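Peer 1: Encoded as structure tokens, here's the structure I'll be asking about.
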Ligand code: CFN
Ligand code: HCA
């Protein structure tokens with residue numbers, strides 16, 4: 001709409017004007033007005049956005065590191081692998097359950113080691129003389145105490161700097177103990193964000209675990225890829241799938257076990273929820289074992305129904321279709337009721353979403369169900385395909401910083417954009433069409449909304465000051481700075497203390513929570529920092 005149109009263009013200029021020339025040149029590629037253009041045939045093209053590039057030193061970024069992406073994100077939610085952080089104690093401690101990934105209590109068959117934080121607690125002496133012996137001892141000690149099926153070792157920055165060989169130690173301990181032990185070279189400095197860590201994790205899990213157990217699965221068997229059971233989301237999705245009669249072989253990796261990964265290649269279909277963090281596993285599994293993959297999204301009631309139907313469509317079986325429709329009809333009345341209550345209270349309110357590599361897109365569905373509008377959004381570390389959909393040019397810039405991880409740039413593989421409607425897409429490709437079917441964040445966002453990659457503190461403060469959204473969604477580092485500006489901040493990472501938000505019941509929980517936040521009177525009583533005119537450092541409100 002025109003209000004957003006005018007503001008977005010001028011706001012973009014103002015955000016960028018604050019920067020020195022060189023910084024501006026970098027940031028202007030990542031701060032984009034979502035102007036969609038249609039050609040004569042009606043095909044729409046999207047603006048190009050810069051993504052997956054190094055953060056500018058000196059700005060306050062939201063990003064995390066490679067170790068966080070590997071250990072915290074991908075392997076953290078698996079309950080019966082002992083995850084040992086090889087490094088100083090802080091890395092292990094701060095990646096221990098802060099993400100709110102949940103799981104079940106232990107059983108005879110499956111342990112739960114999540115309540116424990118395992119680390120080698122490196123000291124000066126290990127930095128100088130090497131930490132491999134300490135690591136071997138830690139693995140042995142963990143084995144003696146817990147007798148796990150598998151032990152994983154995660155490298156922090158100093159491990160790479162001093163050259164400890166975690167893979168060699170892991171191989172020796174695997175031999176000695178007779179269980180699966182494997183390591184990850186996920187030193188925090190690798191790549192430009194947590195995204196590098198996802199890829200490293202995916203490669204090793206695929207190499208060391210997937211394919212170990214060839215037990216056959218029943219009809220309608222799937223894996224759910226990229227669902228991490230934050231706030232209990234996976235519990236709700238598991239329940240829906242089970243009621244539909246769908247056999248969930250493995251989730252990567254919410255509420256998962258080692259045995260599930262080992263058997264996952266026997267599933268008939270991979271359903272990818274967070275494409276950013278796990279597309280590599282989907283691709284490798286398809287190439288090596290055959291199951292194709294489709295995208296799903298269980299955030300939002302409409303999206304949940306659509307995803308269940310999409311799975312049923314893939315199997316093309318009347319019985320499954322009927323079961324799926326029955327479950328949707330059981331769940332939907334409560335959703336309609338809740339929408340009747342909460343939509344009038346939230347309708348027209350404006351949200352900004354800056355988080356991660358998929359939720360800034362997926363959560364727009366839930367806000368739309370409340371009649372709320374997303375006026376600005378962006379990812380911390382996503383790649384261009386997450387913004388623009390599958391029709392993007394290969395992102396193959398390999399600079400000096402990433403030369404050791406060339407293989408991370410799988411975006412160069414055009415096959416990477418297959419997935420949904422593959423047959424149709426391939427057919428069109430053969431006919432010489434350039435794909436114009438977008439399924440990324442930008443296609444779904446309003447015309448002229450601001451899309452900002454790797455937003456920093458200066459930019460979010462300016463956005464809030466100028467546009468005064470009704471809600472800002474981000475993470476723990478942003479939350480209290482934002483709230484001191486008089487705007488409620490919902491954490492879309494940890495869900496604050498709430499959730500689950502997936503599926504139908506989760507959507508209802510979310511509506512309630514957002515109503516509570518955007519309609520609380522307290523926000524109008526807060527004086528933002530710039531309201532103090534005497535403060536010479538405050539940004540001027542007329543610019
Ligand atoms: S649970 Fe996922 S959904 S895995 Fe990823 S890209 Fe992070 S930890 Mo925070 S909340 Fe976030 Fe996504 Fe996928 Fe979580 S949006 S940043 S690395 N993410
Ligand atoms: C990570 C994990 C994180 C951080 C969340 C936050 C998560 O990237 O290391 O900044 O609040 O979801 O826990 O994304």
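Peer 1: Tell me, yes or no, whether region 58-78 has at least one residue that is more than 16 Å from ligand 2 (Cβ to nearest atom), out of contact with any strand residue (DSSP E or B) (no Cβ under 6 Å at 6 or more places or on another chain) and closer than 30 Å to residue 159 by Cβ.
Peer 2: For region 58-78, residues more than 16 Å from ligand 2 (Cβ to nearest atom), out of contact with any strand residue (DSSP E or B) (no Cβ under 6 Å at 6 or more places or on another chain) and closer than 30 Å to residue 159 by Cβ: present.
Peer 1: Something else about it: Taking the options 112, 83, name whichever one is at pLDDT 95 or above, within 16 Å of ligand 2 (Cβ to nearest atom) and not in a helix (DSSP H, G or I). Give the derivation first.
Peer 2: On the way: 112 fails: within 16 Å of ligand 2 (Cβ to nearest atom).
Result of the check over 112, 83: 83.
Peer 1: Can you tell me which condition residue 51 does not meet? The list is (1) more than 23 Å from residue 228 (Cα to Cα); (2) touching a helix residue (DSSP H, G or I) at 6+ places or on another chain (Cβ under 6 Å); (3) surrounded by fewer than 18 Cβ atoms within 10 Å (Cβ to Cβ), and all the others hold.
Peer 2: (3)
Peer 1: Limited to region 147-183, what total is found for residues that are over 26 Å from the mean Cα position of the chain (by Cα) and part of a loop (DSSP other than H, G, I, E, B)?
Peer 2: Residues meeting the conditions: 8.
Peer 1: Being crowded, with 21+ Cβ neighbours inside 10 Å, more than 16 Å from ligand 2 (Cβ to nearest atom) and free of Cβ contacts under 8 Å to residues at least 40 places away in the same chain, is that true of even one residue in region 282-289?
Peer 2: No, every residue in region 282-289 fails to be crowded, with 21+ Cβ neighbours inside 10 Å, more than 16 Å from ligand 2 (Cβ to nearest atom) and free of Cβ contacts under 8 Å to residues at least 40 places away in the same chain.
Peer 1: When you go through 337, 365 one by one, which is the residue that is away from ligand 1 (no atom under 16 Å from the Cβ), in a helix (DSSP H, G or I) and more than 20 Å from residue 464 (Cα to Cα)?
Peer 2: Only one candidate passes the filter, namely 337.
Peer 1: Moving on to the next point. Mind checking which residues of region 207-221 are in contact with a strand residue (DSSP E or B) (Cβ under 7 Å, 6 or more places away or on another chain) and under 10 Å from residue 266 (Cα atoms)?
Peer 2: 217, 218, 221
Peer 1: Regarding region 273-285, can at least one residue be identified that is more than 26 Å from residue 459 (Cα to Cα), more than 16 Å from ligand 1 (Cβ to nearest atom) and outside any helix (DSSP H, G or I)?
Peer 2: Checking region 273-285: not a single residue is more than 26 Å from residue 459 (Cα to Cα), more than 16 Å from ligand 1 (Cβ to nearest atom) and outside any helix (DSSP H, G or I).
Peer 1: Are there any pairs with C-beta distances below 7 angstrom linking a residue in region 511-533 that is over 17 Å from residue 472 (Cβ atoms) to a residue that is in a loop (DSSP other than H, G, I, E, B), with the two at least 6 apart or on different chains, and if so which?
Peer 2: 511/370; 532/538
Peer 1: Shifting gears a bit: Can you name the residue in region 473-497 that is more than 18 Å from the chain's Cα centre (by Cα) and within 16 Å of ligand 2 (Cβ to nearest atom) and, of all such residues, is farthest from residue 50 (Cα to Cα)?
Peer 2: If we filter region 473-497 for residues that are more than 18 Å from the chain's Cα centre (by Cα), which is where we start, we get 479-489, 497.
Those still in the list that are within 16 Å of ligand 2 (Cβ to nearest atom) too: 479-483, 488-489, 497.
Working: 479: 25, 480: 28, 481: 26, 482: 25, 483: 29, 488: 29, 489: 26, 497: 33 Å.
By that ranking, first place goes to 497.
Peer 1: From the list 208, 199, 167, which one is within 16 Å of ligand 2 (Cβ to nearest atom) and either farther than 30 Å from residue 328 by Cβ or surrounded by fewer than 23 Cβ atoms within 10 Å (Cβ to Cβ) (or both)?
Peer 2: Values: 208 fails: within 16 Å of ligand 2 (Cβ to nearest atom); 167 fails: within 16 Å of ligand 2 (Cβ to nearest atom).
That would be 199, the only listed residue that is within 16 Å of ligand 2 (Cβ to nearest atom) and either farther than 30 Å from residue 328 by Cβ or surrounded by fewer than 23 Cβ atoms within 10 Å (Cβ to Cβ) (or both).
Rundown of residues vs (1) more than 16 Å from ligand 1 (Cβ to nearest atom); (2) surrounded by 12 or more Cβ atoms within 10 Å (Cβ to Cβ), yes/no style:
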{"residue": "83", "(1), (2)": "no, yes"}
{"residue": "86", "(1), (2)": "yes, yes"}
{"residue": "100", "(1), (2)": "no, yes"}
{"residue": "103", "(1), (2)": "no, yes"}
{"residue": "108", "(1), (2)": "yes, no"}
{"residue": "115", "(1), (2)": "yes, no"}
{"residue": "130", "(1), (2)": "yes, yes"}
{"residue": "147", "(1), (2)": "yes, no"}
{"residue": "151", "(1), (2)": "yes, yes"}
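Peer 1: Additional query: Between a first residue in region 94-106 that is at pLDDT 95 or above and a second residue that is within 12 Å of ligand 1 (Cβ to nearest atom) and assigned to a strand (DSSP E or B), which pairs have beta carbons less than 8 Å apart while being 6 or more apart in sequence or on different chains?
Peer 2: 99/230; 100/230; 101/230; 102/230
Peer 1: Let me ask something else about it. Failed condition for residue 217, given (1) part of a loop (DSSP other than H, G, I, E, B); (2) farther than 28 Å from residue 304 by Cα; (3) touching a helix residue (DSSP H, G or I) at 6+ places or on another chain (Cβ under 6 Å); (4) free of Cβ contacts under 8 Å to residues at least 60 places away in the same chain, with all others met?
Peer 2: (2)
Peer 1: Please work out which residue is farthest from residue 295 (Cα to Cα), limiting yourself to region 343-368 and to residues that are buried (at least 21 other Cβ atoms within 10 Å of the Cβ) and more than 16 Å from ligand 2 (Cβ to nearest atom).
Peer 2: Step by step, filter region 343-368, then rank; the result is 346.
Peer 1: From the list 248, 236, 224, exactly one residue is in a strand (DSSP E or B), within 20 Å of the chain's Cα centre (by Cα) and touching a residue at least 12 places away in the same chain (Cβ under 8 Å). Which is it?
Peer 2: Details: 248 fails: within 20 Å of the chain's Cα centre (by Cα); 236 fails: in a strand (DSSP E or B).
Only one candidate qualifies: 224.
Peer 1: Among the numbered conditions (1) in contact (Cβ under 8 Å) with a residue 40 or more places away in the chain; (2) within 16 Å of ligand 1 (Cβ to nearest atom), tell me where residue 317 comes up short.
Peer 2: (2)
Peer 1: Could I ask something else about it? Among (1) in contact (Cβ under 8 Å) with a residue 60 or more places away in the chain; (2) more than 24 Å from residue 108 (Cα to Cα); (3) surrounded by fewer than 23 Cβ atoms within 10 Å (Cβ to Cβ), where does residue 162 come up short?
Peer 2: If we test residue 162 against (1) in contact (Cβ under 8 Å) with a residue 60 or more places away in the chain; (2) more than 24 Å from residue 108 (Cα to Cα); (3) surrounded by fewer than 23 Cβ atoms within 10 Å (Cβ to Cβ), just (1) comes out false.
Peer 1: Within region 52-80, track down each residue that is away from ligand 1 (no atom under 13 Å from the Cβ) and closer than 16 Å to residue 383 by Cβ. Even if it seems obvious, please write down each step before you answer.
Peer 2: Here is the first cut: in region 52-80, the ones away from ligand 1 (no atom under 13 Å from the Cβ) are 53-60, 78-80.
The answer is 53, 54, 55.
Peer 1: Report the residue count in region 494-508 for those that are in a loop (DSSP other than H, G, I, E, B) and under 17 Å from residue 374 (Cβ atoms).
Peer 2: Keep residues of region 494-508 that are in a loop (DSSP other than H, G, I, E, B), which gives 494-501.
In the following step, the residues that additionally are under 17 Å from residue 374 (Cβ atoms) were identified as 501.
Adding up the residues that qualify gives 1.
Peer 1: A further question follows. Do we have any residue at all in region 296-304 that's in contact with a helix residue (DSSP H, G or I) (Cβ under 7 Å, 6 or more places away or on another chain), within 16 Å of ligand 2 (Cβ to nearest atom) and either within 19 Å of residue 206 (Cβ to Cβ) or free of Cβ contacts under 8 Å to residues at least 60 places away in the same chain (or both)?
Peer 2: Just the residues of region 296-304 that are in contact with a helix residue (DSSP H, G or I) (Cβ under 7 Å, 6 or more places away or on another chain), to begin with: 296-304.
Subsequent filtering for residues that are within 16 Å of ligand 2 (Cβ to nearest atom) retains 299.
With either within 19 Å of residue 206 (Cβ to Cβ) or free of Cβ contacts under 8 Å to residues at least 60 places away in the same chain (or both) added as a condition, the list becomes none.
Scanning region 296-304, I find no residue that is in contact with a helix residue (DSSP H, G or I) (Cβ under 7 Å, 6 or more places away or on another chain), within 16 Å of ligand 2 (Cβ to nearest atom) and either within 19 Å of residue 206 (Cβ to Cβ) or free of Cβ contacts under 8 Å to residues at least 60 places away in the same chain (or both), so the answer is no.
Peer 1: Only one of 461, 478 is more than 30 Å from residue 45 (Cβ to Cβ), part of a helix (DSSP H, G or I), touching a helix residue (DSSP H, G or I) at 6+ places or on another chain (Cβ under 8 Å) and within 16 Å of ligand 1 (Cβ to nearest atom). Can you tell me which?
Peer 2: Values: 461 fails: within 16 Å of ligand 1 (Cβ to nearest atom).
Of 461, 478, the one residue that is more than 30 Å from residue 45 (Cβ to Cβ), part of a helix (DSSP H, G or I), touching a helix residue (DSSP H, G or I) at 6+ places or on another chain (Cβ under 8 Å) and within 16 Å of ligand 1 (Cβ to nearest atom) is 478.
Peer 1: Moving on. So, in region 286-302, how many residues would count as being part of a helix (DSSP H, G or I) and under 17 Å from the mean Cα position of the chain (by Cα)? Before you say what the answer is, go through the steps one by one.
Peer 2: First, pick out the residues of region 286-302 that are part of a helix (DSSP H, G or I): 286-289, 301-302.
Next, only the ones that are under 17 Å from the mean Cα position of the chain (by Cα) stay: none.
Counting residues in region 286-302 that are part of a helix (DSSP H, G or I) and under 17 Å from the mean Cα position of the chain (by Cα) gives 0.
The values are calculated or read from the model by the stated rules, or taken from the named source; none is laboratory data. Since this is a predicted model, take the numbers as computed values, not measurements. For neighbour counting, all protein chains shown are included, and Cβ atoms are generated from backbone atoms with ideal geometry for every residue, glycine included.
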